[in-house]
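Heads up, the thing below is written out as structure tokens.
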Amino acid sequence: MEKARIELQGISKSYYSETAVTQALRKVNLSFYRGEFVAITGESGSGKSTLLNMMGGMDTFDEGEMFVDGEPTFQYDEEEWEEYRRTKIGYIFQDYSLIGHYSALDNVMSALLALGYEEEYAKKAAAQYLEQVGLAGFETHRASELSSGQKQRLSIARALAKNTDIIVADEPTGNLDSETGEQIVKLLSELSRERLVIMVTHNYEQAEPYVTRKIRIHDGQVVSDVQVNESGEESSSTQKGGAEKPETGKVQKEDAGWQHKLAFYLANRNRRTQKGRTVLFTTFLFVIAAVSFLLIGELFMNRDDYATRSYSHSTFYKEDNTRLVAKREDGKEFTKEDIEEMASLSNVEVVDPCDYANDINFYMEEDEDYKYLYGNTERRLVQFLKEDRFMMSVETLSEEDLAQGRMPEEQNEIVLYAGDSYKLDDTINTYFVAHNIWSNGAYYQTELKVVGLLREETDQVYFSGALCRMLAMNIDAGVYRIYYMYEARMDDYSMKPAMIPVVNPSLSGNDVRVSAAMGDTAPPAGPVEFHWQPYDDEGNEYGNGLTTMVNVLAEGHSSTADFMEVSQEFFDKYYHRLRPQASVYISSYAKTDSVIRALNRRGFEAISTYRLSANDYLEEKVTERLIIIGIVVFGLIALLVAELLILRSLMKIRMKDYFVLKFIGVKMPIIRKISYYEIGSYCLAAVVLTVCLMWILRIAGIPIVQDIMWYYNWVTYMVFVLYNLLLSVLTVAFFNRLLKGRLNA
Ligand code: ADP
Ligand code: MG
């Protein structure tokens, strides 16, 4: 006699639950042969499905042994069972177990791909199997949209595609009307001619004309086993129904590459066939990505603790965290090329070569910037109202910035944005105060003429380089004391005021004007001998100074006593001009380090005026920063938990598909990879969408996004991408653990 395909010896199986032990099979002995079409009958709960599942490699048994082609299976491990399900068994389920969102063709193809066939062959062969079960023309229909009979045919086509010698079917006609049911039975009977087909049925009458053997089970035991029609001697073998197998396709090597390819293919199928879910998953991951983008940006923003310190105005009066001060490494004066080179660096907005003037306040609008307390035009007391407007030189501008007029050529010419207040050729009374340069309360007053109007609205007024440098001069050149009124008795000068020389363009030669406020200490009008004595930073005289005769004009000027007006000629003769420092304004404080590095690479030294001046910690700001960091970290952890829980439960929607894939023989490592590929691709899409969205919001001018985006450099982007990928990987790993538990249960 021919060797049995499957032989069961004394098989027993029990199910244990908390309340009861059910013995589903009791010492079953059965042998099955090729060419048989076996019907297994018995009332509900008698153990038919248990028996079939066991033979299908989907369930285990407690006792006895099952031989497959004479080989015992007791030593099979999970991998060998996987291989058994994949290559030996075609399974047909009462509930069809199709992947509903796949097309008919894809359902069959996935079984072929699982066997390692190449995609091209699998596609051709799948179409042929569909034709064989009468589903030609339904290739692209979704499985869920087919009728019950068509679904069962499809599940048969899928079992056929595996080209196994054994087909097991658990009540394949249970959900079908009798006519369709009979067609299915007939189809199975045709297949049985060269295979072994074992079918559990409730409706034996329907199957009777076709089956070759009938086994009745009762209470887990075989109570009858009879041959029905003669098997084997097929008179009608001419009309071989299960014939016409497609030519054999090439089977690929089942290495890791193949596994990835298959998982990738199936993940792709999932994405394409369930667009709704693809959108749902991507949207969910997109929300997570967008929130994490902001949180990570916020974290990087709060990495630097300078924001939590108090600003000291002693060195750089102007508090501006986007200002750097640069010098050449060799300490020499900047050239025009140097300034242009610095201005061309990325994230550098503007470079002002008149650095010191950037700390000098100006006051232009009466009753807005300053007001008169009392006095006449000669001697007035002026009060300054705010300290938020600082000088900038026109050297930061170019002709293109002007809407009208021209760039300043003379010292007392300015350009500004006209608005409603100014027009070309206006003269504006202006005061200057340099808190940490000049002595306390000192101000310089002059009339300035508007020669150009700016295109873009701004509060900033741009002053000539000459004026900027002149006002900053006593820093550049040290403090000068002017000695006059020599006293023979003392053998010394009695007057030694520290006066800052400023140019009055209307003066010439050695004419000078002193402040009308000087009163008694003023030098007498007429020719006076002046001795100019420079002082260093520590207040000590240095050098010999020089002595000249000057002509003091009777009329005083309206700046404070710290200033003495001289002619340009005189100024140029005694004061040298240095340009050793420049202010470099950057696009955001976030770029401080990168711009400083870029400057260093080009031979410049730079410091952040803000960092230099931010000293003591402000307690409430420190607390605030720590709270923000805490909230951000908490937020990132919350996102992780949300993703783990929410996405995992969304993924459970797929659980049934994975059961199907497992039963058609897709191996666990491949099933696990499917989710990695699928979620991974949604995650990447979400990350890309987020970056696009953030750029759009930044360009649209959303302040919080703009602030945060300054902190996005390649490191921040990396952290953002890795965080999101990690989240997805953890979620899939978490889901796969659940999946493994369910699939092996
Ligand atoms: P049939 O297919 O003939 O209706 P089954 O093989 O499904 O019967 O079930 C046989 C017996 O085993 C029944 O009493 C059933 O309740 C029990 N049984 C089946 N599967 C399980 C299970 N997973 N856990 C516990 N009991 C089970
Ligand atoms: Mg059953």
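Structure notes:
- Based on C-alpha pairs under 8 angstrom that are at least 6 apart in sequence, the chain has a relative contact order of 15 percent.
- Taking 0.36 nm per residue of separation and subtracting the Cα-Cα distance, full extension of the segment from Asn440 to Phe634 would add 64.8 nm.
- 3J(HN,Hα) from dihedral phi, the range 648-665, Karplus parametrisation 6.51/-1.76/1.60, rounded to Hz, x for glycine, proline: 5, 6, 5, 5, 4, 3, 7, 3, 4, 4, 6, 4, 4, 4, 4, 5, 7, x
- Taking label points 7 Å from Cα along the Cα-to-Cβ direction, Leu743 and Asp388 give a separation of 6.4 nm.
- Long pairs among Lys124/Lys162; Lys123/Lys656; Lys186/Lys214, criterion Cα-Cα beyond 20 Å: Lys123/Lys656
- Cβ-Cβ FRET estimate between Glu18 and Glu63, R0 fixed at 30 Å, reported to 0.05: 0.85
- Proximal charge balance of Glu368 [Cβ under 12 Å; K/R count +1, D/E count -1]: -3
- Neighbourhood net charge (10 Å Cβ-Cβ; Lys/Arg +1, Asp/Glu -1) for Gly57: -1
- Relative contact order (%) - the range 78-192, alpha-carbon pairs under 8 angstrom, separation at least six: 39 percent
- For Gly90, nonlocal amide neighbours, meaning residues 5 or more places apart or on other chains whose placed amide H falls under 5 Å from its own, are Ile166, Ile167, Val168.
- Of all DSSP beta bridges in the chain, antiparallel share, percent nearest 5: 70 percent
- Placing a label point 7 Å from the Cα of Val291 along the Cα-to-Cβ direction, the residues of the range 601-629 whose backbone N falls under 18 Å from that point are 628-629.
- For the range 297-332 and the range 132-197, distance of Cα centres in Å: 77 Å
- Residues whose amide H lies under 5 Å from that of Glu413, counting only those 5 or more places away or on a different chain, are Lys449, Ser464; hydrogens are built 1.01 Å from N in the peptide plane.
- Inter-part distance where the range 67-89 and the range 559-610 are each reduced to a Cα centre, Å: 84 Å
- At a Cβ-Cβ separation cutoff of 4.7 angstrom, cysteine residues of the chain with no neighbouring cysteine are Cys683, Cys692.
- Using θ = phi - 60° in the Karplus curve 6.51 cos²θ - 1.76 cosθ + 1.60, the 3J(HN,Hα) couplings for the range 717-723 round to 4, 4, 4, 4, 5, 5, 4 Hz; x is entered for Gly and Pro.
- Order of Lys124, Lys253 - criterion: other Cβ atoms within 10 Å of each residue's Cβ, fewest first: Lys253, Lys124
- Debye log10 I(q)/I(0) at q = 0.05, 0.08, 0.11 Å⁻¹ for the chain, Cα point scatterers: -0.52, -0.77, -1.14
- Listed by Cβ neighbour count within 10 Å, with the fewest neighbours leading, Asp106, Asp593 appear as Asp593, Asp106.
The numbers here are math on the coordinates, done by the rules we state, and not lab data. Not measured: the values here are computed from a predicted model. So basically every Cβ, Gly included, is an ideal-geometry build from the backbone, and we count neighbours across all protein chains shown.
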